Amino acid sequence: MKFKSIALEHIKLEDEFRKNLEDFNLATNIKEHGLIEPLIVEEKNLNCFILVEGYRRFWALKHLNIPVVTCKVEKLTSKDYRVLKRLRVELKSKRKTGYEVERMISFLLDNGYTEEDIAKQCNIQKKTVKKYINGKDVNIHWKIRAEQSGAGRHGLTEIHHLTNIHPDNKEYVADIYIKRRINANNVESIKTLTKLDEFNKSSKDFQRDCINNMIDDENLNNEGIKDIVFTRSLKQQYTLSAHQYVFDKVLHLFDKLIDIYCHNFVNHLTPIQKKDLQRKIKIISNKIGLPPPSSTPPKKIFSTTIKKHQEHTILIKIDKKS
């Protein structure tokens with residue numbers, strides 16, 4: 001390996017794997033501080049050097065009209081091996097987007113490399129390679145739009161693999177993800193939604209409402225997701241599973257209320273607050289069909305045995321007096 005000053009016109013570019021190489025911030029930085037990290041090239045002959053690493057820097061230098069640049073020169077290899085070297089660097093630095101890495105891995109697979117080969121050469125796990133290949137079949141129009149908007153690739157792959165969801169709603173989720181209205185965490189929550197029978201057996205509109213409700217609540221966990229699906233499902237139609245879930249949820253909420261009604265809470269309720277609580281309790285009682293609470297205290301009812309005992313005691317006292 002050696003360093004050499006090379007004219008930009010003698011540097012040949014191969015597949016870029018990147019849709020947009022223009023980076024005006026990088027150009028400004030080079031103009032102010034110079035090229036800190038040299039380009040890496042392979043020498044084909046005295047007037048031809050193939051660029052291996054530094055495609056954005058190359059275009060920034062072209063933009064600045066810099067004719068000659070210092071490069072790190074390596075021995076000539078092959079096109080696929082140059083891509084492999086670039087991939088190795090990018091996986092460590094993580095400067096490229098998932099879309100670019102996916103294209104590089106696809107290129108290597110198309111040129112006879114296996115997943116094991118790529119993992120070994122790049123010193124990564126095979127599952128990392130698989131993570132990028134999983135997106136190969138994603139709708140190409142989604143990919144183009146998502147890369148332009150800056151939406152992450154892995155979230156798009158998860159949307160592609162969603163099942164038990166109406167096709168129109170799948171398209172809807174992809175659209176709002178590409179527009180950056182939701183993120184990968186939201187996609188994971190939607191994935192949880194699709195695993196619930198009450199969700200995947202429901203209408204398109206029902207599913208859409210559940211998705212939108214979930215998006216509106218940023219702090220939603222798995223239990224919250226179930227709350228949305230089961231309560232909405234029960235409002236539409238009775239099912240034993242939905243009814244049992246909501247019943248258990250109501251009991252749990254009542255237990256929480258009972259726990260909240262501590263001494264310091266109850267003893268400091270104002271008359272107005274008590275009336276507000278009474279009104280809510282009355283609404284719940286009416287919905288369940290419970291008899292209204294009586295405003296007068298219940299009459300004392302004595303059993304026949306107690307009455308007879310009292311009568312017997314009185315008779316004994318009278319008899320003693322006589």
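This model, with +1 at the C-beta of Lys and Arg and -1 at the C-beta of Asp and Glu, gives the stretch 140-259 a dipole about its Cα centre of some 460 debye. The Cα atoms of the chain cover 142, 43, 34 Å along the three principal axes, with the biggest extent listed first.
Across the stretch 65-177, counting alpha-carbon atoms alone, Rg and Dmax equal 17.0, 58 Å. Along the axis of the charge dipole computed for the stretch 49-159 (Cβ charges of +1 for Lys and Arg, -1 for Asp and Glu, origin at the Cα centre), the listed residues 77, 109, 64 are led at the positive end by 64.
Between the residues 173, 33, 286, the greatest Cα displacement towards the positive end of the dipole of the chain, with unit charges on the Cβ of Lys, Arg, Asp and Glu, is found for 286. Each stretch of four or more DSSP H residues adds -39500 (n - 2.57); spread over every residue of the chain, this sum gives -18500 deg cm²/dmol at 222 nm.
Would you mind telling me the antiparallel percentage of the DSSP bridges in the chain, rounded to 5? In the chain, DSSP labels about 65 percent of beta bridges as antiparallel. Among the listed pairs 31/72; 92/191; 4/62; 204/282; 62/131, a Cα-Cα separation exceeding 28 Å is found for 92/191; 204/282; 62/131. Seen from all directions on average, the stretch 140-259 presents a Cα convex hull projection of 7.8 nm².
Dipole size of the chain about its Cα centre, with +1 on Lys/Arg Cβ and -1 on Asp/Glu Cβ: approximately 1420 debye, rounded to the nearest 20. Using only Cα coordinates, the Kirkwood hydrodynamic radius of the stretch 183-233 works out to 10.6 Å.
The simple Förster model, with R0 at 41 Å and r as the Cβ-Cβ distance, assigns residue 32 and residue 217 a FRET efficiency of 0.35.
Bear in mind these aren't lab numbers, they're just calculated from the coordinates by the rules spelled out. What you are looking at is a predicted structure, and each value in this text was computed from that prediction instead of being measured. Because the Cβ atoms are built from the backbone with ideal geometry, glycine has one as well, and the counts that use them run over all protein chains shown.
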